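Enquirer: Quick one: structure below, then a few questions.
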Amino acid sequence: MNPPYAFAITIAQPLADAVETLRAALAAEQMGIVSEVDMQATLKAKLGLDSSPQRLLGLCSPRIAHALVSAEPDIAALLPCGGSIAEPTPGRTRIVLQDPRVILQASGSTQAEVRDALEQARTAVQRVTQR
């Protein structure tokens with residue numbers, strides 16, 4: 001089930017394999033992972049907590065990011081799109097990718113260029129989670 005702010009899918013792969021599957025699906029859409037935080041390691045190191053494998057992701061399409069920032073420079077504060085990949089059960093990984101419309105709603109932009117670029121991003125993210 002998708003939360004109202006994201007697209008989600010659960011796949012039968014361990015996290016490391018699922019990350020590579022996600023990278024390939026994103027690359028097919030001319031997108032990529034531009035930042036990655038190992039939440040499991042961070043929670044252990046900073047708070048002493050044990051948790052299941054999880055990573056926070058920053059996703060970006062250089063073409064779409066350029067179009068957005070060209071139309072509205074301050075929208076860069078809302079980039080990249082967020083994502084999460086977690087393996088709460090061994091061998092089953094949940095991928096959750098932010099719906100780019102969240103950026104449109106947060107920005108309040110009425111510019112056609114912004115709306116069009118974010119709709120392109122949304123279509124690409126949907127395809128990634130439907131592979």
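Enquirer: Using only Cα atoms and rounding to the nearest 10 degrees, what angle (0 to 90) does helix 15-28 make with the longest principal axis of the chain?
Expert: Between the helix axis and the principal axis of the chain, the angle is about 20 degrees.
Enquirer: Taking the simple approach of a point 7 Å from Cα along Cα-to-Cβ for both residue 131 and residue 51, what is their distance in nm?
Expert: In this crude spin-label approximation the distance works out to 2.6 nm.
Enquirer: What accessible area per residue, rounded to a whole number of Å², is obtained for the chain using a probe radius of 1.4 Å? Intermediate values should be presented prior to the final figure.
Expert: On the way: 7160 Å² over 131 residues.
I get 55 Å² per residue for this part.
Enquirer: Once Rh is set to the Kirkwood radius over Cα pairs, what Stokes-Einstein translational diffusion coefficient, in µm²/s, holds for segment 48-91 at a temperature of 37 °C and a viscosity of 0.692 mPa s?
Expert: 260 µm²/s
Enquirer: Compute the relative contact order of segment 46-131 as a whole-number percentage, counting only Cα pairs closer than 8 Å that sit 6 or more residues apart in sequence.
Expert: Relative contact order here is 29 percent.
Enquirer: With every protein chain present, what accessible area does residue 39 have (1.4 Å probe, heavy atoms only), rounded to the nearest 10 Å²?
Expert: Only protein atoms counted, so the area is about 50 Å².
Enquirer: Check residue 35: other-chain or 5+ apart residues with amide H under 5 Å from its amide H, H built from backbone geometry?
Expert: 58
Enquirer: log₁₀ I(q)/I(0) of the chain at q = 0.10, 0.12, 0.18, 0.20 Å⁻¹, via Debye over equal Cα point scatterers, no solvent, to two decimals?
Expert: -0.33, -0.47, -0.96, -1.11
Enquirer: Which value, in Å to one decimal place, does the Kirkwood hydrodynamic radius take for segment 17-62 when every pair of different Cα atoms is included?
Expert: On the way: mean 1/r = 0.0857 Å⁻¹.
Hydrodynamic radius (Kirkwood, Cα pairs) of segment 17-62 is 11.7 Å.
The values are calculated or read from the model by the stated rules, or taken from the named source; none is laboratory data. Quantities reported herein were computed from a predicted structural model and do not represent experimental measurements. Because the Cβ atoms are built from the backbone with ideal geometry, glycine has one as well, and the counts that use them run over all protein chains shown. To get the accessible areas, we keep the full protein, side chains included, count just its heavy atoms, and leave off ligands, DNA and RNA. Shrake-Rupley method; radii C 1.70, N 1.55, O 1.52, S 1.80 Å.
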